[in-house]
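Input: a single structure, listed below in structure tokens.
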Amino acid sequence: MNYNINFQIAALIIVILLLYHFLTQKKLYNINARTFTYVLVLGGLYILLDLLSTLVFMNYRAEHETAILLVITIAYLFDVMLPYILYCCVCIISGEKQRKISGTSAVCTAITVVMLLLIMGNIKSGWFFYFDESGTFVTGSGYIFLYIYALAYAVLVIVSAIRNRGENITRKMGIVGEFLVLEGVCMVIQMYTQRLLLTGFGLALGLVFLYLTINNPGDYVDSITGVFDKQYFDKWIEEKLDKKAEFHLIATEFYMLKQVNKVYGSSVGDQMLIQAAQGIQEITGSSQVFRITGNCFLAVAESMAEYETNKQKMEEFFRKPFELNGEKIDFPAVICGIMDGGKMKHEDVILSYIEYLASLIKNTDETVVIQSDDRILEGFHYEKEVEQFLKTAVEQDLFEVYYQPIYWNKEERYITLEALSRLRHPNMGMIPPDVFIGIAEKQGMIAQVGLLQFRRVCRFVKEHEYLMKTLKNVKFNLSPSELLKTGHIQLLINMIREYGLSPRYFQFEITETVATEYSESFCQAVEDFQKAGIGLCLDDFGSGYANLNTVLKLPFSVVKMDRSLLTGVTCDEQAAVFYRSIVMVMQNMGYHIVAEGAETKEEVDLLQTWGVDMIQGYYFSRPLPENELLKLFDKE
């Protein structure tokens, strides 16, 4: 019989081109990519041998029967191996390869080995196929087992898809299912027509489909910089950690990207990132560079020598300005080095640790290298433990409120209180407020913490309302997240009404950063506070970008001078003149001034001489728990 081999030739060309493009693109160094490479190679060999065996059928010579049987046997060996490799590919897609070898996998391997041995023994046994005396190809009694074998693997794929249901896995399994349907249709057509050899062609089309939908390297490449994206990093690091392989990481965070975008435009920022990515790839000599966040790249080193060399070269590279359109632009970075990344054990821990390392570098406009060490790692684990405890603290309301009295110079007594959040860990003791508040903001829990704490304040004021005959108000801090959260301000106002308290008992402190960066949302919050009759205080004036224009636009009645402005006032005449001038200007504009951070008698004497209205600091009192605060006021 003459067969139509055109589809086999086309299939072979398709697979060769596919393999070439897959191997020459940016390499995906993970088990999924390696398995797909094996499938491509095996599929190409299968199609090639299928073509050769067809040509042998068409040009049969009795004297060459042994050689012909050998060619056909090799073709069937690949025929047996292909379903097994495809099944392994499915196991990897579903994540089963990351687990211990299951009984099913062991049985499949054993059955495949047996089938391979039977195929190799077919030359003598003729159990699967043979040529009769007239030279006609005859299928033996065992030929049916080849179909049963293939059908069994198809069933296993379906079972695996059902067992590993999940949005992403189900999508991938659906693609594999479509591949099997396509191959099945081609097999049916081939069985019906006899002459059209479509099995290999169906396989080639299926491999193209798998390449475009699951194994396309382009799907894992960042569209701007051309390096791998976080999606691929997640796959890559999971395999590295599972194998317990040695690797070291160098993260590069461009903390001034936001400023570059503001000054030069986002297109220039993108060009800077592209240059940075190219520089990192050239330095490392590797394609294993990832963009894990908008302004952070991650490079991998396989040895300590490579790690140290790359880290030094990257520091030198980013200390130099970038050139763009003839202009030199500084693009400094925080370079975070992590030796033995495998000790992190989990991908999310690695990313959190990189973020933690970068956060340790502040107030600099130069490229800085920070190297992980035991002390820093201990601090990171401390924060992670606090983060875990914080969830319990919110659920069980384990927070405390301390109150710091603020001294009124005019009547030489305490006139108001600032409510401050505190959290005590059963084993670690008191947790610094900046630590747990910062974590609460990052975790999106600061609004919950604020509501819990403000309820405590309302309860305390209600139980000791007589204090309000002496005190002007109680000040309570609001974070940017609380001001931006829809409906949060109204919850605070309703809580005051719930306890039947006067709005004048409270004054909300808002940092100057909020007032300058979140003006629209802030104005709405201010309007709600004004309608409710609640006062506002500008906190930490002088620590950031606030100016007199900001103060004039918003209805603050009190301005708190940041403690940093007090530095050196007792020994530096210029610092003293500067502080005194701000106090005079603010008071002439009708604002009451609170000086924060006074700790010595010399500072207090100067502040009183300059006519500062109120003083807050350790010189008068540290933040006190409720019982100690009550004792303090009982003495007055």
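The values are calculated or read from the model by the stated rules, or taken from the named source; none is laboratory data. Note that the coordinates shown come from a computational prediction; the quantities given were computed from them, not determined experimentally. Note that each Cβ is placed from the backbone with ideal geometry, even for glycine, and that neighbours are counted across all protein chains shown. The accessibility values were calculated without ligands, DNA or RNA, using every heavy atom of the protein model including side chains. Shrake-Rupley method; radii C 1.70, N 1.55, O 1.52, S 1.80 Å.
Among the candidates Ile93, Ile85, which residue alone is on the phi < 0 side of the Ramachandran plot, modelled with pLDDT of 75 or more, within 38 Å of the chain's Cα centre (by Cα) and buried (at least 17 other Cβ atoms within 10 Å of the Cβ)?
After applying the criteria, what remains is Ile85.
Could you please let me know if Tyr591 is open to solvent by 20 Å² or more (accessible area, probe 1.4 Å), of a type outside the set (Lys, Arg) and in contact with a Lys or Arg (Cβ under 9 Å, 6 or more places away or on another chain)? So that I can check it myself, show each step before the final result.
Working: open to solvent by 20 Å² or more (accessible area, probe 1.4 Å): yes; of a type outside the set (Lys, Arg): yes; in contact with a Lys or Arg (Cβ under 9 Å, 6 or more places away or on another chain): no.
Considered against the rule, which asks whether it is open to solvent by 20 Å² or more (accessible area, probe 1.4 Å), of a type outside the set (Lys, Arg) and in contact with a Lys or Arg (Cβ under 9 Å, 6 or more places away or on another chain), Tyr591 comes out as no.
Just to verify a result, which residue in segment 365-381, among those that are in contact (Cβ under 8 Å) with a residue 12 or more places away in the chain and closer than 20 Å to Gln312 by Cβ, is surrounded by the most Cβ atoms within 10 Å (Cβ to Cβ)?
Only one residue fits best here, namely Ser372.
I need the helices (runs of 4 or more DSSP H) fully contained in segment 257-319, keeping only those with at least 1 residues that are aromatic (Phe, Trp, Tyr) and open to solvent by 30 Å² or more (accessible area, probe 1.4 Å).
Ranges flagged: 257-264, 304-319.
Given the structure, is Val185 at pLDDT below 85, hydrophobic (A, V, I, L, M, F, W, C), surrounded by fewer than 16 Cβ atoms within 10 Å (Cβ to Cβ) and in a helix (DSSP H, G or I)?
Yes, satisfied.
Would you check which residues across segment 312-323 are touching a strand residue (DSSP E or B) at 6+ places or on another chain (Cβ under 9 Å) and within 10 Å of Thr284 (Cβ to Cβ) and list them?
Met314
How many of the residues in segment 422-443 are small (Gly, Ala, Ser) and closer than 13 Å to Ala393 by Cβ?
1
Which residue out of Leu360, Leu398, Leu417 is within 21 Å of Leu478 (Cβ to Cβ) and either open to solvent by less than 10 Å² (accessible area, probe 1.4 Å) or without any contact (Cβ under 8 Å) to a residue 60 or more places away in the chain (or both)?
Only one candidate qualifies: Leu417.
Kindly indicate whether Asp528 is at pLDDT below 90 and at positive phi.
no
Say whether the condition of being surrounded by fewer than 16 Cβ atoms within 10 Å (Cβ to Cβ) and at pLDDT 75 or above is met by at least one residue in segment 155-167. Don't jump to the end; show me each part of the working.
Going through segment 155-167, the residues surrounded by fewer than 16 Cβ atoms within 10 Å (Cβ to Cβ) turn out to be 155, 158-159, 162-163, 165-167.
Next, from what is left, pick out any that are at pLDDT 75 or above: 155.
Yes: one or more hits.
Considering segment 126-150 alone, what residues qualify as being assigned to a strand (DSSP E or B) and open to solvent by 50 Å² or more (accessible area, probe 1.4 Å)?
Scanning segment 126-150 gives Tyr130, Phe137, Thr139.
Taking the residues in segment 588-636 that are aliphatic (A, V, I, L, M) and part of a strand (DSSP E or B) as candidates, determine which candidate is farthest from Tyr407 (Cα to Cα).
Among those that are aliphatic (A, V, I, L, M) and part of a strand (DSSP E or B), it is Leu624.
Here are some conditions: (1) touching a residue at least 60 places away in the same chain (Cβ under 8 Å); (2) assigned to a helix (DSSP H, G or I); (3) in contact with a helix residue (DSSP H, G or I) (Cβ under 9 Å, 6 or more places away or on another chain). Thr225 meets all but one. Which one does it not meet?
Of the numbered conditions (1) touching a residue at least 60 places away in the same chain (Cβ under 8 Å); (2) assigned to a helix (DSSP H, G or I); (3) in contact with a helix residue (DSSP H, G or I) (Cβ under 9 Å, 6 or more places away or on another chain), the odd one out for Thr225 is (2).
Step by step: first the residues of segment 471-513, then only those that are assigned to a helix (DSSP H, G or I) and either among the basic types (Lys, Arg) or in contact (Cβ under 8 Å) with a residue 60 or more places away in the chain (or both), then the one that is nearest to Val559 (Cα to Cα). Which residue is that?
Looking at residues that are assigned to a helix (DSSP H, G or I) and either among the basic types (Lys, Arg) or in contact (Cβ under 8 Å) with a residue 60 or more places away in the chain (or both), I get Arg504.
Look through segment 325-357, keep the residues that are touching an Asp or Glu at 6+ places or on another chain (Cβ under 8 Å) and either at positive phi or among the small types (Gly, Ala, Ser) (or both), and return whichever of them is surrounded by the fewest Cβ atoms within 10 Å (Cβ to Cβ).
Asp340
Return the residue satisfying two criteria in turn: it lies in segment 203-217 and is under 13 Å from His21 (Cα atoms) and free of Cβ contacts under 8 Å to residues at least 60 places away in the same chain, and of such residues it is least open to solvent (accessible area, probe 1.4 Å).
Of everything passing the filter in segment 203-217, Asn216 is least open to solvent (accessible area, probe 1.4 Å).
Of the residues that sit in segment 35-55 and are open to solvent by 30 Å² or more (accessible area, probe 1.4 Å) and over 16 Å from Leu207 (Cβ atoms), which one is farthest from the chain's Cα centre (by Cα)?
Leu55
Just to check your reading of the model, which residue among Lys244, Lys240 is touching a Gly at 6+ places or on another chain (Cβ under 8 Å), open to solvent by 50 Å² or more (accessible area, probe 1.4 Å) and basic (Lys, Arg)? Spell out how you get there, then give the answer.
On the way: Lys240 fails: open to solvent by 50 Å² or more (accessible area, probe 1.4 Å).
Just a single option satisfies the conditions, and that option is Lys244.
Suppose the filter is surrounded by 12 or more Cβ atoms within 10 Å (Cβ to Cβ), at pLDDT 90 or above and touching a Cys at 6+ places or on another chain (Cβ under 9 Å); does Val583 pass it?
When the stated conditions are applied, Val583 does not pass them.
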